[in-house]
Number of protein chains: 4
Amino acid sequence: MSEPPSRVEKPAPGSAILLAHCPDQKGLVAAITEFIFRNGGNILSLEQHVDREIGRFFIRAEWELGGFLIERERIGEGFKTLIANRTGMSWRIYFSGERQRVAVLVSKAPHCLLDILARVRSGEWSVDLRLVLSNHPELAWVAEAFGAPFHHLPAGSRSPEDLEAGQLELLRGAEIDLVILARYMLILGPGFVSAFPERIINIHHSFLPAFTGARPYHRAYARGVKLIGATAHYVTEELDEGPIIEQDVVRASHVNTVGDLTRMGHDVEKIVLARGISRHLDRKTLVYGNRTIVFT
Amino acid sequence: MSEPPSRVEKPAPGSAILLAHCPDQKGLVAAITEFIFRNGGNILSLEQHVDREIGRFFIRAEWELGGFLIERERIGEGFKTLIANRTGMSWRIYFSGERQRVAVLVSKAPHCLLDILARVRSGEWSVDLRLVLSNHPELAWVAEAFGAPFHHLPAGSRSPEDLEAGQLELLRGAEIDLVILARYMLILGPGFVSAFPERIINIHHSFLPAFTGARPYHRAYARGVKLIGATAHYVTEELDEGPIIEQDVVRASHVNTVGDLTRMGHDVEKIVLARGISRHLDRKTLVYGNRTIVFT
Amino acid sequence: MSEPPSRVEKPAPGSAILLAHCPDQKGLVAAITEFIFRNGGNILSLEQHVDREIGRFFIRAEWELGGFLIERERIGEGFKTLIANRTGMSWRIYFSGERQRVAVLVSKAPHCLLDILARVRSGEWSVDLRLVLSNHPELAWVAEAFGAPFHHLPAGSRSPEDLEAGQLELLRGAEIDLVILARYMLILGPGFVSAFPERIINIHHSFLPAFTGARPYHRAYARGVKLIGATAHYVTEELDEGPIIEQDVVRASHVNTVGDLTRMGHDVEKIVLARGISRHLDRKTLVYGNRTIVFT
Amino acid sequence: MSEPPSRVEKPAPGSAILLAHCPDQKGLVAAITEFIFRNGGNILSLEQHVDREIGRFFIRAEWELGGFLIERERIGEGFKTLIANRTGMSWRIYFSGERQRVAVLVSKAPHCLLDILARVRSGEWSVDLRLVLSNHPELAWVAEAFGAPFHHLPAGSRSPEDLEAGQLELLRGAEIDLVILARYMLILGPGFVSAFPERIINIHHSFLPAFTGARPYHRAYARGVKLIGATAHYVTEELDEGPIIEQDVVRASHVNTVGDLTRMGHDVEKIVLARGISRHLDRKTLVYGNRTIVFT
């Protein structure tokens, strides 16, 4: 097989990205930006806002590591001591160029998996796609076409607990950072969900909260809606109730059958899922309560 | 007060518009178009489709009346005898240029009423806007600004039945063809609804079936949706469950407060309502079951 | 390599599809539908309109062939004699289930080709994808991943005329019905274009007529537009001036670099191109002058 | 005439808003936020980014004035001395609750003026709408309906220079902050434009840069586009070439006449213009070169 274009690695030293939230108080941005400036960092972008209804402060800041006085491994420690501990802050610092390890769970519909593998292989996302897991064998050809490892763990022959134990073993063995449910049709149990908090992204084939649960296109048809949609969201224990990352819609009409809606919906699903994944990979999402802050 | 531009009346004799549906069978379009052709009519547009899941035929046909051999008053009779009676057809024939008599029901929010009255006064819609009814006095200034008759029927001092009786008396007295609920915040009783079947259009401030009922923007905020929407639909006895005519959405983000969503939503509401009304006025809507066929 | 799902062939006898236009006159729809009805056809859908500015009649009609009295091969002849010859009609009759032979021309960008091959392989389009032609070797891996034949005809070493002669020989040898330019970066000469009238679909990476020609994303960035778009159109001799089939846009902002616009644009391009191709494959497009009628 | 709802004034002391840009260097955000923090200000929102292609820094920061140690009148002076002078910064500080004085220029089309006056009168925008100027008398009724002062300055009887002199005298006499061209059909001369730099907002009835100049809907029809749009932009000396604030589109089809496109376009125009005006009034726009930064 001929070679795909090699992925362009971002040149070291790259940048650091802070995502944080805490109760609002005066001086937070000043403290954070002074911390960056005093240590020689140049801020590339900063977005901050206060949700006044709940009095909470949210921030994303990215600064260049070239010339930054604290070495990469100790930035977190310094930030914790000087800023986070004093302010009750929930925070994470990431670094550009980190290649996240990704697993994709699928069932029988190929469109989202095809789209994801195409993006990975053509270098749009710099991720390490380690696993494709499925409860059905049908999509083996997709993984194979892109040279991705495919594991078929059938659901029927074992208990849900056994299935999840097998899945978790594979995911942990591959040190997975992000799990993508690309039209995976089984419901994840609480054990699975809690193993990857805010690190499982699902695509639901409706404009949530409309048509939660099964067969949304059939129900959209029956209700006679004039737009159909898709929603990318983080998975929580409650089905289709997790924090929304991205949504979009496409116009439908009375001439469209359930089959038409399904086909048209596939395109919205794959694009909305890809946008949700991109935001996550770019460290632009921050979950608080049941809402996702998506920085620009 | 200076004069608005006078409305351009469409020149007689105009056109006839057939809206019809019946169980599908061979030869329906041929029979209908032959009826038109044999009587000298020139078809301007024809849209027809068969919903194969339910085996039902739907059609909208418009033809020029100039040179048509049957006089306007007898077209229905002829059509009934030659076509409709043999096919179990539900049908209506309308004529271009008929000015429909319209009533608008409002409560306190002015944006939809302002938009409707602006369209009427500037000649976009050729309707006879006979009544603005409200359960509150606040929007009297809007009606007054456009010279529309405003009736304040307060809800508090009387029973819902009494209120509706008063409303119906006014509507019947004015021979109203179409009732528009332009953010009217009371629920209509079955007596009112059944008095205007498929002739009451409501704007609901959400993307139905998401957020039926009260305070949809508050609930959209709480759910953290990334799009907010509005839905124009015919009113049936079940709240927010009637056949949808038109929907649209606008992008929202985490920085938007409930107040922001409300403001942004107002623009979607007024545009979606206006599109729904336009389709109805143009005789482009046909209700079957809980779905609206909206011809192009 | 494991097997993709086998494509579901539509069951014979399927349906016939008429696309036609002619100067408007009375009785056209009646004549056409009577022709279908008298011969035992059941019309599944019919869309017709008259462009009154130019006095021209356009129609698409689809009817079931089951029970139709004229055999498939002689329908055209009958239609021509009874209808077309009398009315100066331009017309074509197609049959559902015909698998069109398709060639895709590409250069270096993989996203549209990946999307097309994914749709073909997963059975969304029932086409016979016979050739992928490129003036560069880079996308051989894409064709290979999906088992599509790839031909590399480099441009540099020969004259444009020679290159086109080589391309045309391949296309004719494969009896190609439809040529798709999936971000093919060379301009086709008049000889190529005239060999496939209304059968070459190009995707241009801008909202035409804005940013015709080269580097539209760079120019969109420089102009500071707030939406970027893509356009699928039939190719004519004038660059980027052919009849438009489909367009769509996506929102951009000041934070987006040219690289961001390019990435975001790729998603719009592939979806818009796919919609354009679908409409063509479904025999829902009809070109008149420089406009495309796209039936619903 | 009955009373519109009184506008809710934001409670003093409100907030201060900084809009600024300068060559990028380290420490800019830290310096700005320290200036705010040291003087007791609580930052409500901050958005900053660096355009790396041109090495330029852009910021919008809003902070509460309650408890701020510098009095409102001297904030600018302090900011200039401590920050701006050292960094070559272009900047402005605004205060929430400032009511801008607005003039609207119109010709004959009422839809944008109606929409603007409705928003002002119902309290959506807290502005002082001082003047409606027109080169035609037709829209006097609109201004009158909303109690807005209307001035008819006809173009025909005087030279363009005389007309502009008359307009500028009125605008200066009313101390106008913002001029809105609400489908004003004359071209402004350089003298007018330079009198209100970055303070004239025009709505153009196309998706710029497509269809600059006259009769865009006719040309959109002729080109057969599948989407029509509108663009709100700041006016510069070059017609339709100024920095874009907002754009949107609506889907069109082959059945739409020029008249249909015009009607459908009116809705996009009024909404896009209103969004552009809102961003400007909220001090969320910053012009650099020919691009508008529109903060979220």
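Some observations on this one:
- Residue count, the stretch D:242-263 (criterion: out of contact with any Ser or Thr (no Cβ under 7 Å at 6 or more places or on another chain), more than 9 Å from every other protein chain (Cβ to nearest Cβ) and touching a residue at least 40 places away in the same chain (Cβ under 8 Å)): 2
- Evaluating B:Asp51 against the criteria (1) charged (D, E, K, R); (2) out of contact with any Lys or Arg (no Cβ under 6 Å at 6 or more places or on another chain); (3) within 14 Å of chain D (Cβ to nearest Cβ) leaves one unmet condition, (3).
- Filtered residues of the stretch C:62-73 (kept if in a helix (DSSP H, G or I) and exposed (fewer than 11 other Cβ atoms within 10 Å of the Cβ)): C:Glu73
- Pick from the stretch B:144-162, criterion over 17 Å from B:Tyr184 (Cβ atoms) and within 14 Å of chain D (Cβ to nearest Cβ), ranking: surrounded by the most Cβ atoms within 10 Å (Cβ to Cβ): B:Ala145
Results for (1) within 16 Å of A:Ala220 (Cα to Cα); (2) more than 8 Å from chain A (Cβ to nearest Cβ); (3) of a type in the set (A, V, I, L, M); (4) not in a strand (DSSP E or B), shown as yes or no for each residue.
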{"site": "B:Val193", "(1), (2), (3), (4)": "no, yes, yes, yes"}
{"site": "B:Glu198", "(1), (2), (3), (4)": "no, yes, no, yes"}
{"site": "B:Phe211", "(1), (2), (3), (4)": "yes, no, no, yes"}
{"site": "B:His233", "(1), (2), (3), (4)": "yes, yes, no, no"}
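- Which listed residue, of A:Arg283, A:Arg219, A:Arg275, is among the charged types (D, E, K, R), at pLDDT 95 or above and assigned to a loop (DSSP other than H, G, I, E, B): A:Arg283
- Subset tally (residues that are under 12 Å from C:Glu47 (Cα atoms) and among the hydroxyl-bearing types (Ser, Thr, Tyr)) for the stretch B:30-61: 1
- The listed residue being within 22 Å of B:Arg60 (Cα to Cα), away from chain B (no Cβ under 13 Å), assigned to a strand (DSSP E or B) and in contact (Cβ under 8 Å) with a residue 40 or more places away in the chain, out of C:Ile59, C:Ile17: C:Ile17
- Extreme residue, surrounded by the most Cβ atoms within 10 Å (Cβ to Cβ), among residues of the stretch D:124-142 that are within 9 Å of chain B (Cβ to nearest Cβ) and closer than 28 Å to B:Thr262 by Cβ: D:Val142
- Filter pass, D:Gly76 being outside any strand (DSSP E or B), more than 9 Å from every other protein chain (Cβ to nearest Cβ) and at pLDDT 95 or above: yes
- Flag for C:His266 being within 24 Å of D:Asp51 (Cα to Cα), buried (at least 19 other Cβ atoms within 10 Å of the Cβ) and either hydrophobic (A, V, I, L, M, F, W, C) or in contact (Cβ under 8 Å) with a residue 24 or more places away in the chain (or both): yes
- Of the residues C:Gly27, C:Gly55, C:Gly41, the single one that is within 27 Å of C:Arg72 (Cα to Cα), surrounded by fewer than 20 Cβ atoms within 10 Å (Cβ to Cβ) and small (Gly, Ala, Ser) is C:Gly27.
- Any hit, the stretch C:92-111, residues being within 30 Å of C:Asn135 (Cβ to Cβ), facing another protein chain (nearest Cβ under 8 Å), surrounded by 21 or more Cβ atoms within 10 Å (Cβ to Cβ) and touching a residue at least 40 places away in the same chain (Cβ under 8 Å): yes
- Those strands (runs of 3 or more DSSP E) lying entirely in the stretch C:126-189 with at least 2 residues of a type in the set (Val, Ile, Thr): C:178-181
- Exclusive hit being in contact with a helix residue (DSSP H, G or I) (Cβ under 9 Å, 6 or more places away or on another chain), assigned to a helix (DSSP H, G or I) and polar (S, T, N, Q), set D:Thr81, D:Thr33: D:Thr33
The values are calculated or read from the model by the stated rules, or taken from the named source; none is laboratory data. This structure is a prediction, so every number in the text was calculated from the model and none was measured. Cβ sites come from the backbone with ideal geometry, for glycine too, and all protein chains shown count toward neighbours.
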